[in-house]
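> My questions all concern the structure below.
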Amino acid sequence: MCGIIGYVGQADSERPLEVAREALARLQYRGYDSAGVVVANSRGLHHVKKAGKLSVLEEALAATPLPPATAVIGHTRWATHGGPTDRNAHPHLSADGSVAVVHNGILENHQALREELASAGVEFLSETDTEVAAHLLARAYDGLGDLPEAMRAVARRLEGAFTLLAVAADNPHLVVGARRTSPLVVGLGEGENFLGSDVAAFVARTNRALELGEDQVVAITATGVMVTDFDGQAVEPREFTVDWDASAAVKGGFATFMEKEIHDQPQAVRDTLLGRMTPSGRMRLDELRVEESLLRSVDKIVVIACGTAAYAGHVAKYAIEHWCRIPVEVELAHEFRYRDPVVNAKMLVVAISQSGETMDTIMAIRHAREQGAKVLAVVNTMGSTIARESDAALYTHAGPEVAVASTKAFLAQITATYLLGLYLAQLRGTMFPDEVRSILRELEQMPAKVQRVIDGEAAIKALAVQMKDTSSVLFLGRHVGYPVAMEGALKLKELAYIHAEGFAAGELKHGPIALIDQGQAVFVVVPSPKGRDVLHDKVLSNIQEVRARGARTLVVAEEGDDAVAQHADTVFWVPQTPTLLAPLVAVVPLQIFACALATAKGLDVDQPRNLAKSVTVE
Ligand code: AGP
């Protein structure tokens, strides 16, 4: 997820760079590990790009000011292919400097295209998928002489999700964009026009915007906008007025990043799945750099993580053990290092971390590596310490997670560990290819199912407001519902400062049932009635046990599970899913509930008291 700005205005002025700098500052929430701009004037293209925060780019611009210009494209990056370095920062220019490109998304077929270009003598300067587009566009432009037509020709060859913006050295009066799946909107000004990855890029300058559809190319000049499909057929985009102010625009129109990121979850799952399957339906994890021989011989997996990431690890345990028949242990990083663990070279450590900077996890993986284990990081931040210090990395593509309490990263972590489990099962032959493909197909349906739960948020929010004075909430779950219960409790603790406890439903009679009193709120995550139905019936019994003692039962259950309704005071229905994939939908009502209850209490859900987004101390 990256921030993109494009602009064309009056010839040879300071305004293009001003617009770009202002836009990139607003778009940092979409990515901030590197940034760059390229301006176009009658003397060609002039660019500056730097790894690091936007301030590093600003310093570079102060040291080497760019000339007055007519057009600009700019980019603030959240790395997906190639770490955050100067060379990998956008824009990317063609070898002859004739065109420059910025990109948001993932080009699934970048490797094949890179090989094709390399065999034609193209030398690559970066590790990014984006640079492929720059070279392809220059070759098409050289042949066609028309930048929009060249962009259409290139877009037709690309697979995956992308928003591309391009500017040409010989035509500073034009910026061209193309989008597939990744966002791109047009801002309409007076004698100037804008392109942005979202309206936050230009809402301070104009509130008139055009919505672009799937597989479309847009060309803007200072006085005109032309939109076509990838085949060149003209399209009439819908104009709309942005009624958000700049601050709301950065949050996608939501009041908080927390709400925005809950709503970002379908896209986070979709992006994490992108490019993970070959056309023949086999799994591929390009960035995984652990020898296949080791992955075949591993006889134990130890997941190391903290907090929400650890609960994602617990979900992974159920899935990987079932698919791969490898024992999986989940260890809290801060406990692992100090308990003198048995570690050896046949163990694969999987470190899960959104930030990649959690010191407890860093110290734990260092300890594991010293003891001879290979470490695979499941991490959301490219170039982070955990990614760099691991033997391999499997990236979640949740985009920057700004709210301190983790939501979309949690779903992306679960998704990534499912992919790891399926990849291991394929490699070790513990599942047939058609079984792997079948589960991948189910996973591809999960973003839409998560969206359906989010679409029903109004009822959940209304209940949360009613319950805002609650002082204690219990969360029960079995099987993969157990880590979901733990995560639901953590969200309520973090956001609403309410004592909440999650535990395995089977543990109830071993003590916790003593907590049940009249009106005690108890959330119960009910497993699918079709999966492990014996578990379903046991959880139903648990609901009856607590209700018989006065509990208020709030149940998360699959649509159609009629047996539940009679025992529940409230049911949060979620779409039917295969048992092991259920956490992706079951946790969403709990996230929405915690966020809404905290909001009803007037609390800061983006930055809860006492918490840091990344715990960089032990
Ligand atoms: C999640 O809501 C919390 N903010 C916290 O538990 C977090 O998951 C934990 O600190 C691990 O962070 P990481 O994923 O960045 O390593």
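> Over the range 381-461, what is the mean sequence separation of C-alpha contacts under 8 Å (at least six apart), divided by residue count, expressed as relative contact order in percent?
The value is 16 percent.
> Let me ask another. Please report the spacing between the Cα centers of the range 459-508 and the range 284-310 in Å, no decimals.
30 Å
> Quick one: dipole size for the chain, taken about the Cα centre, charges +1 on Lys/Arg Cβ and -1 on Asp/Glu Cβ, in debye to the nearest 20.
Numbers: 59 positive and 76 negative charges, 246 e Å.
The calculated dipole for the chain is roughly 1180 debye.
> Between residue 366 and residue 562, take the C-beta separation as r, use R0 = 41 Å, and let me know the FRET efficiency to the nearest 0.05.
Efficiency at R0 = 41 Å is approximately 0.20.
> When all protein chains stay in place, what accessible area (Å², nearest 10, 1.4 Å probe) is found for residue 552?
Solvent-accessible area, nearest 10 Å²: 80 Å².
> Once Rh is set to the Kirkwood radius over Cα pairs, what Stokes-Einstein translational diffusion coefficient, in µm²/s, holds for the range 390-440 at a temperature of 25 °C and a viscosity of 0.890 mPa s?
Stokes-Einstein gives a translational diffusion coefficient of 197 µm²/s.
> Using only the C-alpha atoms of the range 1-119, find the volume of their convex hull and express it per residue in Å³.
Each residue corresponds to 98 Å³ of Cα convex hull volume.
> Per DSSP H run of n ≥ 4, the term is -39500 (n - 2.57); total these for the chain, divide by its residue number, and report the mean residue ellipticity at 222 nm rounded to 500 deg cm²/dmol.
Computed ellipticity for the chain at 222 nm equals -11500 deg cm²/dmol.
> Could you work out what % of the accessible surface of the range 123-267 is carbon and sulfur, using a 1.4 angstrom probe and leaving DNA, RNA and ligands out of the count?
For the range 123-267, the apolar C and S fraction of the accessible surface comes to 47 percent.
> So if I restrict to the alpha-carbon atoms in the chain, what is the Rg, and what is Dmax, the biggest pairwise distance, in Å?
Both quantities, over Cα of the chain: 25.2, 80 Å.
> Further question: Evaluate 2.2 N^0.38 Å with N set to the residue count of the range 239-381, then give the Cα radius of gyration divided by it.
For the range 239-381, the normalised Cα radius of gyration is 1.30.
> Once you list every other residue whose beta carbon is under 13 Å from the beta carbon of residue 332, what net charge do they have if Lys and Arg are +1 and Asp and Glu are -1?
Counting the neighbours of residue 332, the net charge comes to -3.
> Now a separate question. Might you work out the accessible area of residue 402 for me, using a 1.4 Å probe with all protein chains in place, and round it to the nearest 10 Å²?
Counting only protein heavy atoms, residue 402 exposes about 50 Å² to solvent.
> How far is the Cα center of the range 137-182 from the Cα center of the range 421-445, in Å?
When both Cα centres are located, 36 Å separates them.
> Then there is this: Quick check on the range 134-187: take the gyration tensor over C-alpha atoms, sort the square-rooted eigenvalues as a ≥ b ≥ c, and tell me if it's rounded (a/c under 1.5), prolate or oblate.
Cα axes put the range 134-187 in the oblate bin.
> Let me ask something else about it. Put a dot 7 Å past each Cα toward the Cβ at residue 255 and residue 296; how far apart are the dots in nm?
If labels sit at residue 296 and residue 255, their model points lie 5.7 nm apart.
> Right, another one. 7 Å from Cα along Cα→Cβ at both residue 610 and residue 25: what's the point-to-point distance in nm?
3.6 nm
> For the range 479-532, build the charge dipole from Cβ charges (+1 Lys, Arg; -1 Asp, Glu) around the Cα centre, then report which of 526, 488, 502 sits farthest towards its positive end.
The residue sitting farthest along the positive end of the dipole is 526.
> What order do 300, 491 take when sorted by accessible area (1.4 Å probe), most exposed first?
300, 491
> Which length gain, in nm to one decimal place, applies between residue 359 and residue 455 when the Cα-Cα distance is subtracted from 0.36 nm times their residue separation?
Answer, rounded to one decimal: 30.9 nm.
> Also, I was wondering about something else. From the alpha carbon gyration tensor of the range 474-553, can you work out the equivalent ellipsoid semi-axes (sqrt of 5 times each eigenvalue) and give them in Å, largest to smallest?
Computed over the range 474-553, the values are 19, 16, 10 Å.
> OK, next. Got the relative contact order for the range 281-365 handy, in percent, Cα pairs under 8 Å and 6 or more residues apart?
Reported as a whole number, the value is 39 percent.
> If Lys and Arg each add +1 and Asp and Glu each add -1, what is the summed charge of the other residues whose beta carbon sits under 15 Å from the beta carbon of residue 61?
With Lys, Arg at +1 and Asp, Glu at -1, the neighbours total -1.
> Anything in the chain that counts as a DSSP H helix reaching 27 Å or more along its axis (C-alpha) with Kyte-Doolittle mean of at least 0.5? List them, would you?
408-428
> Follow-up. Just check the range 147-304 against the gyration tensor rule for me: Cα atoms, a ≥ b ≥ c as the square roots of the eigenvalues, rounded for a/c under 1.5, and otherwise prolate or oblate depending on whether a/b exceeds b/c.
Oblate, since a/c reaches 1.5 and b/c is not below a/b.
> When all C-alpha to C-alpha distances in the range 382-497 are sorted into bins of 5 Å, what percent of pairs does each bin hold, rounded to whole numbers?
2, 8, 12, 18, 20, 16, 11, 7, 4, 2, 0
> Is the shape of the range 84-130 best called rounded, prolate or oblate, per the rule: a/c under 1.5 gives rounded, else a/b larger than b/c gives prolate, else oblate, with a ≥ b ≥ c the square roots of the Cα gyration tensor eigenvalues? Please report the intermediate quantities before stating the final value.
Numbers: a/c = 1.64, a/b = 1.14, b/c = 1.43.
Note, shape of the range 84-130 comes out oblate.
> Continuing with this model, one more query. How long are the semi-axes of the equivalent ellipsoid of the range 1-65, defined as square roots of 5 times the Cα gyration tensor eigenvalues? Whole Å, largest first.
20, 14, 10
> Starting from 0 in steps of 5 Å, tell me what percent of the Cα-Cα pairs of the range 469-618 lands in each bin.
Per 5 Å bin, starting at 0, the Cα pair percentages come out as 2, 10, 20, 22, 19, 13, 8, 4, 1, 0.
> Separate question: With contacts defined as alpha carbon pairs under 8 Å and 6 or more residues apart, what's the relative contact order of the chain in percent?
Reported as a whole number, the value is 11 percent.
> Separate question: Any of 260/449; 251/613; 374/530; 53/260; 50/374; 317/530 with alpha carbons more than 26 Å apart? Name them for me. Each step should come with its number before you reach the end.
Working: 260/449 18 Å; 251/613 17 Å; 374/530 37 Å; 53/260 22 Å; 50/374 32 Å; 317/530 21 Å.
Pairs exceeding the cut-off: 374/530; 50/374.
> Measure out, as a whole number of angstrom, how far apart the alpha-carbon centroids of the range 55-95 and the range 206-277 sit.
First find each Cα centre; the distance between them is then 22 Å.
> For residue 382, what accessible surface area do you get with a 1.4 Å probe? Give it in Å², rounded to 10.
20 Å²
The values are calculated or read from the model by the stated rules, or taken from the named source; none is laboratory data. What you see is a predicted model, and the numbers here were worked out from it, not measured in a lab. Virtual Cβ from ideal backbone geometry, glycine too; neighbours counted across all protein chains shown. Accessible surface areas use protein heavy atoms only, side chains included; no ligands, DNA or RNA. Shrake-Rupley method; radii C 1.70, N 1.55, O 1.52, S 1.80 Å.
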